[in-house]
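Down below is the structure, laid out as structure tokens.
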Amino acid sequence: MLPDDWHLNDDVDDFLAQAGDFLCSRAALHNTPLTDIEKLRMHRRTAADHDGQAAVFGRLESQGEVRAIFYLTPRGRLGLTPLSVAQTDTLAAHLAGLGHSPANVIADHDTAGAFAESWQQCTGAAPELFWRTHLYRLGTLTPPEPRPKGQGRLTAVKDRGQVVSWCREFCVDVGEQRSIDLIDAGAWDDSRFGDRHFTFWETPDGTPVSMAAATSVIGGMVRVDPVYTPAHLRGRGYAGAVTVEASRAALTAGATDVVLFTDPDNPTSNALYQRLGYVHLADFAGYRFSYGAPETG
């Protein structure tokens, strides 16, 4: 057991038995830990064998209740729920003392920034901001008016080629090189899209013109991600229409929290999702760490 009531574990099932209720208590805010940890649970043997190490999980308890968690994936992604500056200082010292070297950290804006500073002070690793985003949660779903001609359709096996192609185009647009590499290597199931459910918006003649993906329901939460329309088809209302279809499918599947992330620098998409009924919930950030090479001689 670590000081300050941090408990570490490398057994994902045992961790979820202890911390699952906490994660589900604020499923919208905890959407990334929920999906990341579920993916680790589903692929724990493959991940450990491939990367040579297991994931590490931690929960912060006070008066017998879980107050926060962290998880560190085999590839070095550190995920955090909200922490104070004092708590990030303590956690950074613990992780460094145990020999862990996260490649990056993802959390709400304040926590990510606090941990990045704590980690730099503790280890000397230089943080670099690489991801900023708004988190929205669906309030009352409001279909766009007028709606573009056509209809939504859940994809099938025959659509795999189109889905893969559009996901790659999306990654090129947003600069997700790791996802591009996995797609190009034929490792679709290992990419972040491998476990998603996809919806097309089709024109009346059956031509797909836009796509939205969604996670499975986890803890009552579904995240819509990504939404993609090819550049030459944008500005016609397809993105809004397909987002509504994917959101409606999530509600039908039993989701109580439907969320999505947006680029803060894209006012068009932020305005669109608000018109559809999504409400701003929080801001998130990601920092990657650069570790200096050891001196020679």
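About its Cα centre, how strong a charge dipole does the stretch 140-276 have in debye, to the nearest 20, once Lys and Arg get +1 and Asp and Glu get -1 at the Cβ?
My answer is approximately 460 debye.
For the chain, what does the helix formula give at 222 nm: sum of -39500 (n - 2.57) over DSSP H segments with n ≥ 4, over the residue count, nearest 500 deg cm²/dmol?
Computed mean residue ellipticity for the chain: -11500 deg cm²/dmol.
Charges on Cβ only, +1 for Lys and Arg, -1 for Asp and Glu, centred on the Cα centroid of the chain; of Val164, Ser179, Trp6, which one is farthest towards the dipole's positive end?
Comparing the listed Cα positions along the dipole, Val164 ranks first.
Going by alpha carbons, how many degrees (0 to 90, nearest 10) lie between the helix axis of 160-174 and the longest principal axis of the chain?
Helix 160-174 sits roughly 60 degrees off the main axis of the chain.
Rank Glu61, Glu38, Glu176 by mean-square fluctuation in a GNM of the chain with C-alpha springs under 10 angstrom and give only the top-ranked residue.
Ranking Glu61, Glu38, Glu176 by mean-square fluctuation puts Glu176 first.
What percent of all Cα-Cα pairs in the stretch 74-153 falls in each 10 Å bin, counting up from 0?
15, 40, 16, 12, 12, 5
State the percent of C-alpha pairs, over all pairs in the stretch 140-276, separated by a distance greater than 24 angstrom.
Numbers: 2498 of 9316 pairs.
Of the Cα pairs, 27 percent sit more than 24 Å apart.
When the dipole is taken about the Cα centre of the chain, and only Lys, Arg (+1) and Asp, Glu (-1) are charged at their Cβ, what size is it in debye, to the nearest 20?
1100 debye
I need the P(r) histogram for the chain: all alpha carbon pairs, bin width 5 Å from 0 out to the longest distance, whole percents.
It works out to 1, 5, 11, 15, 17, 17, 13, 9, 6, 4, 2, 1, 0, 0, 0, in whole percents.
What are the ³J(HN,Hα) values, in whole Hz, obtained from phi via the Karplus relation 6.51 cos²θ - 1.76 cosθ + 1.60 with θ = phi - 60°, for each residue of the stretch 65-81 in sequence order, with x given for Gly and Pro?
Along the stretch 65-81, the couplings run 10, 6, 10, 6, 9, 9, 9, 10, 7, x, 8, x, 7, 9, x, 10, 8 Hz.
Would you calculate the separation in nanometres between label points at Arg275 and Asp21, each defined as 7 Å from the Cα along the Cα-to-beta-carbon direction?
4.4 nm
Give the distance, in whole Å, between the Cα centre of the stretch 205-265 and the Cα centre of the stretch 68-97.
31 Å
Every number in this text was worked out from the coordinates using simple rules, so none of it is lab data. Values in this document were obtained by computation on a predicted structure and should not be read as measured data. Counting neighbours? That spans all protein chains shown, and the Cβs are built from the backbone with ideal geometry, glycine included.
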